[in-house]
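The values are calculated or read from the model by the stated rules, or taken from the named source; none is laboratory data. Everything quoted here is computed from the prediction, not taken from an experiment. Glycine also receives a Cβ, built like all others from the backbone with ideal geometry; neighbour counts cover every protein chain displayed. Calculation scope for accessible area: heavy atoms of the full protein, side chains included, ligands and nucleic acids excluded. Shrake-Rupley method; radii C 1.70, N 1.55, O 1.52, S 1.80 Å.
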Amino acid sequence: MTVLDDNLKKLDGFLARFRDTGIRNRIGGQDVTGSAGVFQSTSPVDKSVICDVAHGTAEDIDAAANAAHEAFAAWRDLPALQRKKILIRIADGIEARAEEIALCECWDTGQAYKFMSKAALRGAENFRYFADQVESARDGQHLKSPTLMNITTRTPIGPVGVITPWNTPFMLSTWKIAPALAAGCTVVHKPAEASPLTARLLVEIAEEAGLPPGVLNTVNGFGEGAGKALCEHPKIKAIAFVGESRTGSLITKQGADTLKRNHLELGGKNPVIVFDDADLDRALDAAIFMIYSINGERCTSSSRLLVQDTIRAEFEAKLVERVNNITVGHPLDPATEIGPLVTEEHFNKVTSYFDIAREDGARVAAGGVTVGDEGYFVRPTLFTGANNRMRIAQEEIFGPVLTSIPFSTEEEALQIANDIPYGLTGYVWTNDLTRALRFTDKLEAGMIWVNSENVRHLPAPFGGVKASGIGRDGGDWSFEFYMEQKNIAFATGRHRITRLGAL
Ligand code: NAD
């Protein structure tokens, strides 16, 4: 039996229960059917139906928000050590079911097992990291004035909504939910309609780990129904959102009447800038990894290659050779590097850029074709001969598609890099330290890596500028979002109080 056969057999076992009962919403520790019935989740591997999923609407969101509201005070007031222990047990539970999470995630999203096996473990790491912060999250400062001792403290903001996309749904959900729980907030989670499986596993694992009912609630449904209702609900105090930039502005509008606090992690069209003095072999490896791993469906992907004209021809030739060598295949086969794209709609979007590139006058140097017709497979694609005004250079394609744009000087590279609505990440390859300092100082991005691919460090801030988002995650930045800052001022003596109306 091959590893693929073995994985398929295991997956079949994991999915059997979903085929029987479907995925229900989880509200207040109870399984609840969707008020609008069900919708079906399909696999991008072969377009087959995975299971029915509860179709939640405003009614279900109201029930979940009320459950989160009722559970809030007890969770907030639970001694920190006890909350910490529960979060650690959730991390243990994720690790114990990492294989189930990874296989379900691959089947639901089309992501390759090669990357998703680590995504489940990254989810556990998120819980462990924020568990370690639980005891200090509420700590503050003392700020002495001539007459007062100001003492600051932080309190959890209340029940929060978490709305997540489909690209690496499990990891991204834990990235939001772990700090919210560590802060003492309760959560209503609305997973992406295209990838509901692992959100269900997460709430099960959390409850089995001792998370009280109602502290984490999961409502499935669509953005314009359940998602919108979550943003509008008066008992939900903040929305942590990950998704497209245009959805981010809808989230802001929808939350206006209830003065919602929003954290928006949005799209990107991130440049990898390769100067001719760089370690070109490492730059090549990193550029390939950052656009073709995770199906190119990653917000931080390096989807624009800015390559100095002195090395362009040689660099692109090596790139073509490597891209043509990438293995597209079944996501459960550990040898697969690129699996199918998540949905038919997304497949149509990504493949439409093959013609757009040609119409704009760029060259399809690799890929640009679909693979078979069983699922939503495409060959990894490279566009060359592009300029920064083309749609393939300006729009987030969100697939395994790289656009190569030449530059001649550092000034031109900077101008091209910044001439874009987005500003999530940037990757700079040069061995000139002074140039790296000068360039990164001017590059418009929330996160920049110099001579490196994207390697996350959980205490470091994560987030974008411009249309790529508002707010930061990671370390204490997460708590700034999920908590309110309170200042309490104590008089240190009998300072003079201005006496109005006194004789
Ligand atoms: P999307 O914006 O279409 O959907 C994301 C989530 O929002 C889904 O759960 C969806 O149901 C919900 N939603 C849609 N409309 C809504 C509305 N009106 N109100 C409330 N919720 C609504 O994004 P997607 O296609 O699922 O994901 C891909 C996008 O996510 C890409 O743009 C990618 O760059 C971005 N992303 C960003 C980051 C980051 O950290 N910056 C990480 C991963 C993905």
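Rundown of residues vs (1) under 18 Å from Phe398 (Cα atoms); (2) in contact with a Leu (Cβ under 8 Å, 6 or more places away or on another chain); (3) free of Cβ contacts under 8 Å to residues at least 40 places away in the same chain; (4) not hydrophobic (A, V, I, L, M, F, W, C), yes/no style:
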| site | (1), (2), (3), (4) |
| --- | --- |
| Leu424 | yes, yes, no, no |
| Val428 | no, yes, no, no |
| Ala436 | no, no, yes, no |
| Thr440 | no, no, yes, yes |
| Ile448 | no, no, yes, no |
| Asn451 | no, no, no, yes |
| His457 | no, no, yes, yes |
| Ala460 | no, no, yes, no |
| Ala467 | yes, yes, no, no |
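Scanning the range 350-378 for residues that are under 24 Å from the mean Cα position of the chain (by Cα) and of a type outside the set (A, V, I, L, M, F, W, C) gives Thr351, Tyr353, Tyr376.
For the range 254-307, which positions are more than 10 Å from the ligand (Cβ to nearest atom) and among the acidic types (Asp, Glu)? Within the range 254-307, Asp257, Asp276, Asp277, Asp279, Asp281, Asp285 qualify. Only one entry in Asp46, Asp92, Asp60, Asp52 is open to solvent by 50 Å² or more (accessible area, probe 1.4 Å) and either among the polar types (S, T, N, Q) or farther than 19 Å from Thr198 by Cβ (or both), namely Asp46.
Listed residues Lys349, Lys269; which is surrounded by fewer than 20 Cβ atoms within 10 Å (Cβ to Cβ), under 28 Å from Gly446 (Cα atoms) and in contact (Cβ under 8 Å) with a residue 40 or more places away in the chain?
Working: Lys269 fails: surrounded by fewer than 20 Cβ atoms within 10 Å (Cβ to Cβ).
Matching residue, one of Lys349, Lys269: Lys349.
Only a single item in (1) crowded, with 24+ Cβ neighbours inside 10 Å; (2) away from the ligand (no atom under 15 Å from the Cβ) is not met by Ala209, and it is number (1).
Any residue in the range 24-34 that is open to solvent by less than 10 Å² (accessible area, probe 1.4 Å), assigned by TED's automatic domain parsing to the domain that holds Met483 and touching a Pro at 6+ places or on another chain (Cβ under 8 Å)? Within the range 24-34, none of the residues are open to solvent by less than 10 Å² (accessible area, probe 1.4 Å), assigned by TED's automatic domain parsing to the domain that holds Met483 and touching a Pro at 6+ places or on another chain (Cβ under 8 Å).
In the range 239-255, the residues that are within 20 Å of Gly158 (Cβ to Cβ) reach residues that are within 6 Å of the ligand (Cβ to nearest atom) and open to solvent by 30 Å² or more (accessible area, probe 1.4 Å) with C-beta atoms within less than 6 angstrom, at least six apart or across chains, in these pairs: Gln254/Lys228. Among the helices (runs of 4 or more DSSP H) lying completely within the range 393-500, list those that include at least 2 residues that are in the same structural domain as Ala278 (by TED's automatic domain parsing), more than 28 Å from Arg128 (Cβ to Cβ) and open to solvent by 30 Å² or more (accessible area, probe 1.4 Å). Filter on the range 393-500 gives 410-418, 433-442. Only a single criterion out of (1) within 16 Å of the ligand (Cβ to nearest atom); (2) over 30 Å from Ile151 (Cβ atoms); (3) of a type in the set (A, V, I, L, M) is not satisfied by Leu437, namely (1).
Exactly one residue out of Val188, Val162 is surrounded by 24 or more Cβ atoms within 10 Å (Cβ to Cβ), under 14 Å from the mean Cα position of the chain (by Cα), at pLDDT 95 or above and in the same structural domain as Ser245 (by TED's automatic domain parsing): that is Val162.
Mind listing whichever residues of the range 272-299 are of a type in the set (S, T, N, Q) and surrounded by 24 or more Cβ atoms within 10 Å (Cβ to Cβ)? Walk me through it before giving the result.
Taking the range 272-299 and keeping what is of a type in the set (S, T, N, Q), we get 293, 295.
The answer is Asn295, and nothing else.
Restricting to the range 244-266, give me the number of residues that are part of a loop (DSSP other than H, G, I, E, B), open to solvent by less than 20 Å² (accessible area, probe 1.4 Å) and under 26 Å from Gly184 (Cβ atoms).
Residues of the range 244-266 part of a loop (DSSP other than H, G, I, E, B): 244, 255-260, 266.
Still in the running and open to solvent by less than 20 Å² (accessible area, probe 1.4 Å): 255, 266.
Imposing the further condition that a residue be under 26 Å from Gly184 (Cβ atoms) reduces the set to 255.
Number satisfying all stated conditions: 1.
Restricting attention to the range 244-253, the residues that are more than 8 Å from the ligand (Cβ to nearest atom) and within 19 Å of the chain's Cα centre (by Cα) add up to 2.
Pick from Leu181, Leu172, Leu143, Leu197: which is among the aliphatic types (A, V, I, L, M), open to solvent by less than 10 Å² (accessible area, probe 1.4 Å) and either within 14 Å of the ligand (Cβ to nearest atom) or in contact with a Ser or Thr (Cβ under 9 Å, 6 or more places away or on another chain) (or both)?
On the way: Leu181 fails: either within 14 Å of the ligand (Cβ to nearest atom) or in contact with a Ser or Thr (Cβ under 9 Å, 6 or more places away or on another chain) (or both); Leu172 fails: open to solvent by less than 10 Å² (accessible area, probe 1.4 Å); Leu143 fails: open to solvent by less than 10 Å² (accessible area, probe 1.4 Å).
Of the residues listed, the single one that is among the aliphatic types (A, V, I, L, M), open to solvent by less than 10 Å² (accessible area, probe 1.4 Å) and either within 14 Å of the ligand (Cβ to nearest atom) or in contact with a Ser or Thr (Cβ under 9 Å, 6 or more places away or on another chain) (or both) is Leu197.
For the subset of the range 215-233 comprising residues that are within 8 Å of the ligand (Cβ to nearest atom) and over 18 Å from Gly158 (Cα atoms), which member is surrounded by the most Cβ atoms within 10 Å (Cβ to Cβ)?
Taking the range 215-233 first, the residues within 8 Å of the ligand (Cβ to nearest atom) are 221-224, 226-228, 230-231.
Subsequent filtering for residues that are over 18 Å from Gly158 (Cα atoms) retains 221-224, 226-228.
Numbers: Gly221: 28, Phe222: 16, Gly223: 18, Glu224: 10, Ala226: 30, Gly227: 26, Lys228: 22.
Result: Ala226.
Of all residues in the range 234-243, those being outside any loop (DSSP other than H, G, I, E, B) and either more than 11 Å from the ligand (Cβ to nearest atom) or not assigned by TED's automatic domain parsing to the domain that holds Asp31 (or both) number 1.
Residues in the range 352-362 that are buried (at least 20 other Cβ atoms within 10 Å of the Cβ) and touching an Asp or Glu at 6+ places or on another chain (Cβ under 9 Å): Tyr353 only. Within the range 363-385, the set of residues being in a loop (DSSP other than H, G, I, E, B) and either among the β-branched types (Val, Ile, Thr) or surrounded by fewer than 23 Cβ atoms within 10 Å (Cβ to Cβ) (or both) comprises Gly368, Val369, Gly372, Asp373, Glu374, Gly375, Arg379, Gly385.
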